[in-house]
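Each remark here refers to the structure printed beneath this line.
The values are calculated or read from the model by the stated rules, or taken from the named source; none is laboratory data. Just so you know, these numbers come straight off a predicted model, no measurement behind them. Cβ atoms come from the backbone with ideal geometry, glycine included; neighbour counts cover every protein chain shown. For accessibility, only protein heavy atoms count, side chains too; no ligands or nucleic acids. Shrake-Rupley method; radii C 1.70, N 1.55, O 1.52, S 1.80 Å.
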Amino acid sequence: MHTLTTFLIGFSVFEAVLLAFTHFRREHYQGQTASQAMGILLLITLVSLQLVHFAGLQQGMDWLHSPYYAVLLFMLAPAFYLFSKPLLLAQGIKPFDLLHLLPVLTAPLLPFQLAVPLAFALGIAYGGWLAYHLYALRKQSSRFRGEIGLLSAVWVLAIVVALAGITLPLLPEKGFFMSYASAIGVALLLVSIVLNRSPHLPIEVVEVARETHAVSTLTNVDCDILLAEVEGLMQEQELFRQPDIDLPTIASRIGLSSQQLSELIHTRLGKGFSRYVSEFRVEAAEDLLVEAPDTSLQAVALEVGFTSAAHFQQAFREITGMTPQQFRKINA
């Protein structure tokens, strides 16, 4: 168990750093800079926790009894809340929301036997908030059913660990913290799988949240004309080839708000903005795959607006039902 825990600690530290550099980029959090920043804070907190776990398991439990560790435990749930709220409610972080970080200030003042159960009880409360708002999006869950399944497994794992943490005074300390460190490693593995499957999941969640919570914003709007304008920007000006193209940019070009454009595309075309753009990119990629059979997938991906070959292949398979290699072979 000790060897497995050490391996998972090392894996989680490596994976968190990798996510910070590969996933938490502007293209994945268009218009959600607050969520992007809180996500990085969350990763820093997780890495710090794992480093303290490693030190405690190698050099003694005194590391885990320190005020620094209590601060990290109290930081985890509020950081996750501040990361999730802008995505699940499609709204920014307000100054009042920062009050959620106040418990962090009290953490160093609490005795260890009280601080740890309270921190995990706080985690359960935020877990309930998360479950409630995910349930509110259930009507749109078919868009990313597999991703929700994996993230639900992460949620269940977190709640189980939190329930155990509440009863820590009754449990062997070392065994619990080994389990907790291992759980963080497993959770980061599942999250990495989700983000590999759907790199633009945060944008898609925001679009679904807007559709779920918003009253129609298209009153007195000529939807047919504006949709034709959007189509023109994509087909004639080929804005989809710009890797940083986003909802606010297109919306401003046709005189709509981001929320209006998101609703327009969803209600008229039955899809989200990121899917809409990906379809234009995949269609252009199909032409390139046939016309330039020797061009690498990386070059094709960059030419049509994708930021990586991996994202290109994932989107191509999702839209066409086959890989780019299979498409090229069939149409050779």
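Note on exposure: Tyr180, Tyr68 ranked by accessible area (1.4 Å probe, complete protein assembly) read Tyr68, Tyr180, with the most exposed listed first.
Here the translational diffusion coefficient of the chain follows from Stokes-Einstein with Rh set to the Kirkwood radius across Cα pairs; for 10 °C and 1.306 mPa s it amounts to 73 µm²/s.
For Cys223, project a label point 7 Å along Cα to C-beta. Then give me every residue of the range 264-280 with its amide nitrogen under 12 Å of that point. Only 264-271 fall inside the zone, counting backbone N under 12 Å. The simple Förster model, with R0 at 51 Å and r as the Cβ-Cβ distance, assigns Gln242 and Val160 a FRET efficiency of 0.70.
Residues in the chain average 48 Å² of solvent-accessible surface per residue, probe 1.4 Å, ligands and nucleic acids excluded. Calculated FRET efficiency, Asn331 and Ala310, Cβ-Cβ r, R0 25 Å, to nearest 0.05? That gives a FRET efficiency of 0.70. Within straight cross-link reach of Lys271, meaning Cα distance under 18 Å, which aspartates and glutamates are found once same-chain residues fewer than 8 apart are removed? Here the aspartates and glutamates satisfying the reach criterion relative to Lys271 are Glu147, Glu204, Glu207, Glu211, Asp224, Glu229, Glu231, Asp246, Glu263, Glu279, Glu283, Glu318. Between the C-alpha center of the range 244-282 and that of the range 87-108 there is a gap of 30 Å. With N counted as the residues of the range 38-184, its alpha-carbon radius of gyration over 2.2 N^0.38 Å works out to 1.08.
Net charge of the neighbourhood of Gln237, taken over other residues with C-beta under 12 Å away and scored Lys/Arg +1, Asp/Glu -1, is -2.
Across the range 1-95, the convex hull enclosing all Cα atoms gives 99 Å³ per residue. Here Arg268 and Gln235 are evaluated by their C-beta separation; at R0 = 25 Å the FRET efficiency comes out at 0.95. By accessible area, using a 1.4 Å probe on protein heavy atoms only, the chain has 63% of its surface on carbon and sulfur.
Accessible surface ranking for Arg281, Arg197, 1.4 angstrom probe, highest first: Arg197, Arg281. Scaled to the globular estimate 2.2 N^0.38 Å, the Cα spread of the range 81-139, given as radius of gyration, is 1.34. Accessible surface of His65, taken over heavy atoms with a 1.4 Å probe and every protein chain present, rounds to 80 Å².
Can you bin the range 257-316 into rounded, prolate or oblate? Criterion: square roots of the alpha carbon gyration tensor eigenvalues sorted a ≥ b ≥ c, rounded for a/c under 1.5, prolate for a/b above b/c, oblate for the rest. Cα axes put the range 257-316 in the prolate bin. Note that the range 175-187 has calculated 3J(HN,Hα) couplings of x, 5, 5, 5, 5, 5, 4, 5, 5, 4, x, 5, 4 Hz, one per residue in order, obtained from phi through the Karplus relation 6.51 cos²θ - 1.76 cosθ + 1.60 (θ = phi - 60°); glycine and proline are x. The P(r) of the range 170-209 has a tail past 12 Å containing 68 percent of all C-alpha pairs.
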